[in-house]
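Below is one structure, written out as structure tokens, with a few remarks after it.
We did not get these values from a lab; they are worked out from the coordinates using the rules stated. Since this is a predicted model, take the numbers as computed values, not measurements.
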Amino acid sequence: MTSTEKTVLVVAAHPDDEILGCGGTIAYHARRKEAVHVVILGEGVTSRDDHRDRDANSEKLSTLGEAAQRAGAILGVRSTTLHGFPDNRMDSIDLLDMVKIVEGFIERFRPDIVYTHHRGDLNIDHRLVHDAVVTACRPLPRNHQVTTLLFFEVASSTEWQPPGSGVPFQPNWFVDITDTLELKLAALKEYSSEMCPWPHARSLEAVEHLAHWRGTSIGVAAAEAFMLGRNMML
């Protein structure tokens, strides 16, 4: 890695969140020859049953994991790691345990830039992953310094939080994904079991419309929007 090359870590709650939230930006970094690593903390799928049963869903979980690897390959990521916390049941896990896992990945990859969920999302797992990442990225003098911390939106979660029920998503950081939007959409097609038909917010059409709308905020054809958590010049 050259001295100017950045390392990027994306920490997501569920398989497909990483693409919905910042798939175009991942491809943007990869095209710049920057190392992008994706960590997905939750397993997906099992929350659709009344009781968590990994054995009963083993085939679906395997298929979802394979989709995550293919989606990452389309975008050019260096690695995709799935951890396996319970889907939509992360409030059953001690936050410290989640923080320790994230700290381990930060120590392993030593990222300059970290992307993760917005704190105000409707989904409980998104909120807890946000808390774990922010804690793991605290700027202690003895720690490796994450210079930029950014929070992404996830269609069908961020915008579904009613006003006053959570922190509003008010983007102040944008990435032009005009040249990588098609890669984002191609990666999402690998998650066919997770995507929904139009006009659902988690449809390919909705994702494309959102990218174009965010693009108009900065005068480009397509963009992804973020809230800046921290940016340090070191």
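Structure notes:
- Pairs beyond 19 Å (Cα-Cα), from LYS60/LYS100; LYS60/LYS189; LYS100/LYS184: LYS60/LYS100; LYS100/LYS184
- Estimated 222 nm signal from helices in the chain, with DSSP H stretches of n ≥ 4 weighted -39500 (n - 2.57), rounded to 500: -11500 deg cm²/dmol
- Of all the options ALA206, ALA13, ALA68, the one that moves most in a Gaussian network model of the chain with Cα springs shorter than 10 angstrom is ALA206.
- Shape call, the chain: gyration tensor on alpha carbons, a/c limit 1.5: rounded
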